[in-house]
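The values are calculated or read from the model by the stated rules, or taken from the named source; none is laboratory data. Keep in mind that what you see is a predicted model, and the values were worked out from it rather than measured. Note that each Cβ is placed from the backbone with ideal geometry, even for glycine, and that neighbours are counted across all protein chains shown.
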Amino acid sequence: MGTTIGLQDIIQCIMNGFCMGGTYILVGLGLTLILSIMSILQFAHGEIYMLGAFTVYFLCVMHGVNLYLAVFISMLSTAVIGLIMERVLLRPLKGLFLSYVCATTGLSLMLQTGVVLAFSKSTKQLPSLWSGAFNVFGIMLSRERFVAIVIALILTLALYLFLKQTKYGLAMTASAQNREGALMQGINPNIMSAMVVAIGSGLAAVGGALGGSIFNLDPYMGGLAFMKGITLIVIGGLGSLPGAVVGGLILGISESLFSLFFGSQMGVVIPLLLVIAFLIFKQKGLFGHD
Amino acid sequence: MTRGQLVKNLIALAVLVLVFLLPVMVRNDYWIHVFIIIALMMLSTASMRAIFRTGEISLGTSGFMLLGAYSSALLTKDLGLSFWISMPLGGLFTAAVAAAIGYPFFRVKGIYFAICTLLTGFVLLYLAGYMNNLTGGWQGLVFDFSPNPITIPGIGTLTFDTDVHYYYLAVIIVAIGLFVLYRMERSRIGLVWGSIKEADNLAQSVGINIMAQKIFVFILACFFTGIAGGVYAFYVHAISPSTTPGNIFSFFTSVYAILYMVVGGESSFFGPIIGTALFMLIPELSRGLQMYRPLLYGALLILIIFFMPQGLIGLREYFPQWYRKLVKRGEGPGTEATR
Amino acid sequence: MLLEIKDLWVRYKGADVLKGISCGVEEGTIVTFLGSNGAGKSTALRAICGLKAPESGEIWFNGERIDGMLPHHIIKLGIGHVLEGRALFPYMTVLENLKVGAFLQKDREQIERNLQEMFANFPILKERQQQQARTLSGGEQQMLTIARALMGSPKLLLLDEPSLGLSPMMIRQIGKIVKQIHERGVSVLLVEQNARLALGVAQQCYVFETGSIALCGVTKEMLDNDQVRKAYLGL
């Protein structure tokens, strides 16, 4: 070994953790919203994330669209795809959880194959969000990771404001907390489902774009993203949105820190052990309710 | 016995004969391999269905197979135990782990239980990958020991030097497992499970300890899943953890187990068996389609869910009609068509 | 007749819970469904607002046939439902709960007026408006559910066992509130096990017994009849 870990490393590492946490949160928020409001596990959510990344690839790398514009378009277009998916695939399946597992898994297979056929299996790369690094008091901080954090933060805040301040946002929160109670206020459950899938898909798309830019993208990246989303839900608490945010940050930062101190292998293992601990002792997570 | 029973028994007999003569009819090593894997998955899927009968969904199949595989492999590799001992022990180890996590897990509501089991499978996979000293890490274990030869009185000796022998091993063990699960389901205990699923308040009020029952089923199911994993390990002689869909220990296996159960029909014991057989054969039969395979597979899943939500087993409702049509045709013209 | 039920049959998993009941609520009155547990009263409410589809029979509201309609459409027609067990949004504040109650209301000023009115009638809610609903006491939660339903300016309010788990003082309070609601022109259908509360406010009374209506009539007449009082009302 021999290399000492300096302040720069630690700070970079924490920033990295926030960045990774941010992308996990973008995936996890959608997943937990859909779970709370529709009581289903959207197994194709990881593929939606992947689709978001590939849409940006298509627009930006293949057709020269500005990266940020491409990300924005991808968010909207993927949200629309989510709407279509909800209307065509999910809504007709009324209720049985297993049917949803089957249908969404089937969809995920189809999406994966579709992307492989359209783009080939190879790993690709998106251009950087902002190349180079800031020099903050002598510490070099990656600009693109900073941007990723900002984007994730803005979107999370936007979601929060939507849920707390708008009529439909409150209706969504209400639907998640008591479905019958929400029905009795005249809230249309189909509109709620449509909105939540659209929002969740849009957020996941941005997460995918960020991941694709900072790292890389391939048609099979969805599976891991999905698992991170689930992990975050377990840590942060089932049914809780602040829990999802906290869970994502904990996951991201702990992975990063443990990687730094104990090597990249431990960086993945220790959070997993954390998850096991949660699974055994506190299945409701940190903030879980329902 | 009644006509219906006679027919059922004949079908069962025919299936048994078919299964035992399969290696003779299909002299292709590759297909034998496929059948072995299908058989093992049938046991895992049937186990998962047993859990489902109590109203819970387990997505941890892959993890429990992994536990069974690694524990029995390591017991033989490091402690020199014979397969015939280490395989059941592997199952017991898996059952023990299931017992440990069962109690805390069942405290949460159904869908969250499913998530917890899904994550468990994932976690176990990664643990196997990182515990280098014990499990050989991501490279996995490679071993060249086989089960000790066993003599079945009157039939012959299995020396396990060809795939066919493993086929019979798998089939016999799977048959035993399925038989046990089937008998349990048909017995009073099976009724209890069903009652828990349907109306657990009611079940509780007549004195059934729901938690105990659910954990019991969970342990039993995981035992068989572990056994399946153990047999798998000794058959392929090389096990490694990987997250790709091709690897049996990836979480995809757990999801596929559910899919096989749903498309086969979760209302019947034989649903998952048929579902597993069919849906594992489809990728094999469609090899020619290469890259389009998952697309076809996914589309098929969606179609079945939409048009046959009760699963393929629903087709058997049509059997009496077809039977009657056949019989009537033989009786000559002027016969009324039956519906 | 504001609400009319004709020969309604409701079945739950093979067992008939409501067996061809017929009843109604005149506009501007308080009607009560009385009966012991499992008699089918709550089921009737659930059938009215679409949470449970009936086997057969008709439900008419304000001249429109509503059986078979989706719940959120029925609510839109002007029905408010205070569910059994309250069904509050536990992690939302009192204020947020009330706002959700006004979901169907388009006019922002009307919402504000309703809100102020609720605060005037239920001062304790105004005091606790920033608190999460789950932190309220049983009585306060009941008031919140009622206020939430009233935010939607319903023509007919369905109240499902509001007295459950409340102290006698709170129960009297509920009685007063129901009367106030009635005075403001809202018709009320009150489902209750507590006969004293129900008969203290209702003009019309239906007594349910294992899925059928055993007795119905004007409250005063029923109270005057000794036999009825003792046998059915336990008073």
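Computed quantities for the displayed model
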| quantity | calculated |
| --- | --- |
| Per-region count, region C:51-96, residues of a type in the set (D, E, K, R) and more than 13 Å from every other protein chain (Cβ to nearest Cβ) | 5 |
| Out of A:PHE146, A:PHE137, sole residue that is touching a residue at least 12 places away in the same chain (Cβ under 8 Å) and either closer than 30 Å to A:ILE14 by Cα or small (Gly, Ala, Ser) (or both) | A:PHE146 |
| Every residue from region A:93-107 that is modelled with pLDDT of 90 or more and either in contact with a Ser or Thr (Cβ under 8 Å, 6 or more places away or on another chain) or within 7 Å of chain B (Cβ to nearest Cβ) (or both) | A:ALA103, A:THR105, A:GLY106, A:LEU107 |
| Qualifying residue in region A:203-226 (condition: modelled with pLDDT of 95 or more, within 14 Å of another protein chain (Cβ to nearest Cβ) and under 28 Å from A:SER108 (Cβ atoms)) | no |
| Number of positions in region A:25-54 that are part of a helix (DSSP H, G or I), within 11 Å of chain B (Cβ to nearest Cβ) and under 19 Å from B:ILE111 (Cα atoms) | 5 |
| Residue that is surrounded by the most Cβ atoms within 10 Å (Cβ to Cβ), among those in region B:199-222 that are at pLDDT 75 or above and over 12 Å from B:ALA50 (Cα atoms) | B:ILE210 |
| Where a residue in region A:149-169 is more than 10 Å from chain C (Cβ to nearest Cβ) and its partner, wherever it lies, is not in a helix (DSSP H, G or I), with Cβ under 9 Å and at least six apart | A:ILE151/A:LEU129 |
| Of all residues making up region B:124-151, the number that are surrounded by 14 or more Cβ atoms within 10 Å (Cβ to Cβ) and in a helix (DSSP H, G or I) | 10 |
| Which listed residue, of C:GLY80, C:GLY24, C:GLY50, is out of contact with any Cys (no Cβ under 7 Å at 6 or more places or on another chain) and not in a strand (DSSP E or B) | C:GLY50 |
| Yes/no for B:ALA175 being assigned to a helix (DSSP H, G or I), within 9 Å of chain A (Cβ to nearest Cβ) and under 23 Å from B:GLY60 (Cα atoms) | no |
| Residues of region C:155-186 satisfying the condition of being within 14 Å of chain A (Cβ to nearest Cβ) and touching a helix residue (DSSP H, G or I) at 6+ places or on another chain (Cβ under 8 Å) | C:LEU157, C:LEU158, C:LEU159, C:ASP160 |
| Flag if A:GLY95 is over 30 Å from B:ALA257 (Cβ atoms) and not in a helix (DSSP H, G or I) | no |
| Residue count, region B:152-172 (criterion: surrounded by 12 or more Cβ atoms within 10 Å (Cβ to Cβ) and either modelled with pLDDT under 75 or out of contact with any helix residue (DSSP H, G or I) (no Cβ under 6 Å at 6 or more places or on another chain) (or both)) | 8 |
| Residues (surrounded by fewer than 16 Cβ atoms within 10 Å (Cβ to Cβ) and more than 7 Å from chain A (Cβ to nearest Cβ)) located in region B:279-291 | B:LEU281, B:ILE282, B:PRO283, B:GLU284, B:LEU285, B:SER286, B:ARG287, B:GLY288, B:LEU289, B:GLN290 |
